[in-house]
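Working notes for the structure below.
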């Protein structure tokens, strides 16, 4: 709080404070908060965005969602996406940050700059690039595989594999940013604590698990959460560009499905219900993070 | 020395990853200068045998490319200016003011980062339509304006400025506007620049809202144009696709090369939540 | 068997040489203190023993074998860091026993050692606290406990007391010596505090700008400094150092002269130098207002009151001296006579700044 002695000044301060956040807040109010409420509202209706009236159906959309086997397939896909994204964009950057920060200690700058580069490129472009690179017939990977006597499967049409490939494409963009953040977290761990462990001849993997990881847990939780929340949203682009959710919903996830329900099938009620459920899941994650960060903040300050 | 061997092993792995991340871009550039037959017959060659500008020329003939680039630029610029300015003002208020509900409001704004876009997409779409902004640039600009990441980054940056500096000036009865302009802005300049650039790049690459709102090719942004261009003409010469891709990623890449250090430093701080 | 030997060791960071041609022998079970101003290389030297810094050139022997390429974990060294380096997410007990647990020591043995250390360092009752819940002194003792349970033959300490307040420091110093008397490790201790060095060390190794200045017992370091730096660094207020010439049996400072005794003249002749530095500690600089023959004459410029003693600044033709005295204190402007006590003076070769030695007897 700025030092002010007069009550009047404080009041004026408060008013000015509100004024300063007003523009941002307005944007949020119109395009974030009110829509959130509206979506909740729409989830109780059946409406195709064109008809002049909406049909109230209560919890029917939610019930139908949980009764539809397809929902579970989509949720399953979402879990698989999350898992792969976490391995590639949480575990991998974390371990590599440890390696770079504590085992190698050199070359931070170069690696940081190169890894981060794809993060500034559009995933549409990324999808195009990988469509070609991973083209099972004429792409460079296929050519190399052929030289080794192997053929690439048509991944865009194979359930399961399509999830892996789309995750890979998304990770291409996400990895760099996550790496920067985990590197900062790992670098912030007290060098002497690590040295103390090395003097005790503690093996490197244990130094990582017992010391570095717990001591950078605030960063870790943050990366974990954004990998899930933002990763799932980023995957939307390759899905839309390459497979449109196919084959047979094998590559669709909860985010893409909401979109499809709304703008391909015009089932706004169903879409809204899906979106709300997705958001509830994310909120649970947020609450978990807050709890952890309470504990974790000590190490990084 | 003893550790050099194991160090090399790790350096190799990191270099391999770096290559995997960069190769697509290199291939894109390489293919954009190849003729189609060259691209098909010498897939693994990075250097084109008969370099040609034909692909690029085709782009201009098949798409209103400059128009589309201009659209993308206008949208990104508008979004950037609005978000940077409002985020700066809001961050300033959160750091240097006390008002009722400040912390709650901040928490609510920041937690919107975790709201997936699908939650707000239908109502926003409807709002834009009812405002008559379908298929317009403004219709793409507006939904992008609520983004809390700028407030977060700028607040972190301002908190690292010694309070005593601001308090000393404030005691001189200088107005807040002067403080913002003469003290905070210069000291937080790297963060402001990075935040602006990040906003710009994200908006440049934005795909969802253009897909939802824009209908006529004349109004397309680069991301949208790229995607529809490909799906329209099956068997589109992929070398031309590569050329469009290269041109689409050029501005963000250039911005990145110039402002690398700022951008990376700003994000390095963002992970240390406080 | 558990000795440490530096042989022509050089350490550089790129082009920046921080340790230059270090030859240092540390005896088994001795308490050796590495003393010096900041940046002198003492911590770097300690870290080289621990294996936390690479050795650029030269050899480091521990227990007779070359350890340049041996990793820290395999040198069997226990170390206490300046900032303690406790694991903030572990309890006191876990901090202490972590190393032992990782190496799967017999749980009974772990228990025994941990309890013993907790007991000895007065940490009873704090076992389940986390470091952030401890005071500075308690954290320091946990760091010590962690080092002690290893039962290593080598014990390294990097300014372990510098973060403690004065009273605690006294107590902690005594504890350290007690630990050493119990376990007889080869103890290497880094500090910039002279008093600490003199009271803890069996021998002191004084370093400056990466070069070893002198290594000897506290008494010798104090009374028989090997060079000008040592004379000036040890003791407070610092030793008086003045340029001097010896000519025809006379010691000449700033144009004034006194007769130099035979023992010293012999030393000067042995060293074959006529340009010297003359040194004497303020507490041995006896001055009097009574006329004295064969003495330097000076004017008092300034007096400092230390409470129990006084520091008298006087100038001999422009060369400043300090004398510490507690009675018959002169006043500013008075003329004083300074007849050096030749059993307490130091003479150094002007060019090399090294001591020319001390007369027998």
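Here are some notes:
- For the range C:147-266: rounded, prolate or oblate by the Cα gyration tensor [a/c cutoff 1.5]: prolate
- Mean separation of Cα contacts under 8 Å (6+ apart) over length of chain A, as relative contact order %: 27 percent
- Relative contact order (%) - criterion: Cα under 8 Å, at least six apart; region: the range C:152-195: 64 percent
- Ordered from longest to shortest, the equivalent ellipsoid semi-axes for the range B:1-160 are 42, 31, 14 Å, each the square root of 5 times a Cα gyration tensor eigenvalue.
- The gain in end-to-end length when the residue C:219 to residue C:28 segment is fully stretched comes to 66.7 nm, 0.36 nm per residue minus the alpha carbon separation.
- Residue A:158/residue B:60 FRET efficiency (R0 51 Å; Cβ-Cβ; nearest 0.05): 0.85
- The angle separating the long axis of helix B:118-130 from the principal Cα axis of greatest extent in chain B is about 90 degrees.
- Label sites at residue B:160 and residue A:146, each approximated as a point 7 angstrom past Cα along Cα to Cβ, lie 5.2 nm apart.
- Just so you know, the Rg over Rh for the range C:234-349 is 0.97, from Cα atoms, with Rh as the Kirkwood radius.
- Test item: B:19-26 mean partner chain Cβ contacts at 10 Å: 5
- Of A:51, A:240, A:191, the one that fluctuates the most in a GNM where chain A has Cα springs shorter than 10 Å: A:51
- Rounded FRET efficiency, nearest 0.05, which uses the C-beta distance separating residue B:81 from residue A:54 and R0 of 35 Å: 0.40
- Here C:92, C:33 are placed in order of increasing Cβ neighbour count within 10 Å, fewest first, which gives C:92, C:33.
- Only helices enter this figure: runs of n ≥ 4 DSSP H residues, each worth -39500 (n - 2.57), summed and divided by the residues of chain A, yield -20500 deg cm²/dmol at 222 nm to the nearest 500.
- Put simply, when C:132-140, A:146-154 are sorted by average Cβ atoms within 10 angstrom per residue, most first, you get C:132-140, A:146-154.
- The calculated 222 nm mean residue ellipticity attributable to helices in chain B amounts to -23000 deg cm²/dmol, summing -39500 (n - 2.57) over DSSP H runs of n ≥ 4 and dividing by all residues.
- Considering only chain C, percent of DSSP beta bridges that pair antiparallel, nearest 5: 75 percent
- FRET efficiency estimate (nearest 0.05) - Cβ-Cβ, residue A:29 to residue B:53, R0 45 angstrom: 0.35
- Separation between Cα centres of the range B:170-218 and the range C:55-81, rounded to whole Å: 54 Å
- Across chain B, Cα pairs under 8 Å and at least six residues apart give a relative contact order of 30 percent.
- Crossing angle, helix C:136-148 versus chain C [Cα axis fit, 0-90 degrees, rounded to tens]: 70 degrees
- Site pair residue C:315 and residue B:100 shows an inter-label distance of 7.2 nm when each label is modelled 7 Å from Cα along Cα→Cβ.
- Modelled label positions at residue C:211 and residue A:187, each set 7 Å beyond Cα in the direction of Cβ, lie 3.7 nm from each other.
- Ellipticity estimate at 222 nm from DSSP helix runs (n ≥ 4, -39,500 (n - 2.57)) divided over chain C, nearest 500: -8000 deg cm²/dmol
- Most to least packed among A:182-189, C:43-50 [average Cβ atoms within 10 Å]: A:182-189, C:43-50
- Restricting the calculation to Cα atoms, every distinct pair contributes to the Kirkwood radius of chain B, found to be 21.9 Å.
- With neighbour counts taken as other beta-carbon atoms within 10 Å, the residues A:74, B:141, A:284, A:50 rank, fewest first, as A:50, A:284, B:141, A:74.
- Other protein chain Cβ atoms within 10 Å, averaged over every residue that makes up A:239-248: 2
- Neighbour counts of other Cβ atoms within 10 Å put B:174, C:329 in the fewest-to-most order B:174, C:329.
- Ordering C:243-253, C:271-281, B:56-66 by mean Cβ neighbour count within 10 Å, with the highest value first, yields C:271-281, C:243-253, B:56-66.
- Taking A:82, A:211, A:239 in turn, the Gaussian network model of chain A (Cα-Cα springs below 10 Å) assigns the largest fluctuation to A:211.
- Along its principal axes, the range C:29-126 has C-alpha extents of 45, 31, 29 angstrom, given from the largest down.
- The angle separating the long axis of helix B:222-232 from the principal Cα axis of greatest extent in chain B is about 30 degrees.
- Residue-averaged beta-carbon neighbours from other chains (10 angstrom radius) around C:81-93: 5
- For the range B:69-84 versus the range C:137-154, the gap between their alpha-carbon centres in whole angstrom: 60 Å
- Where N is the number of residues in the protein assembly as shown, Cα Rg divided by 2.2 N^0.38 Å: 1.25
FYI, it's all coordinate maths here, none of it is from the lab. Computed from a predicted model, the values in this text were never measured in an experiment. Cβ atoms come from the backbone with ideal geometry, glycine included; neighbour counts cover every protein chain shown.
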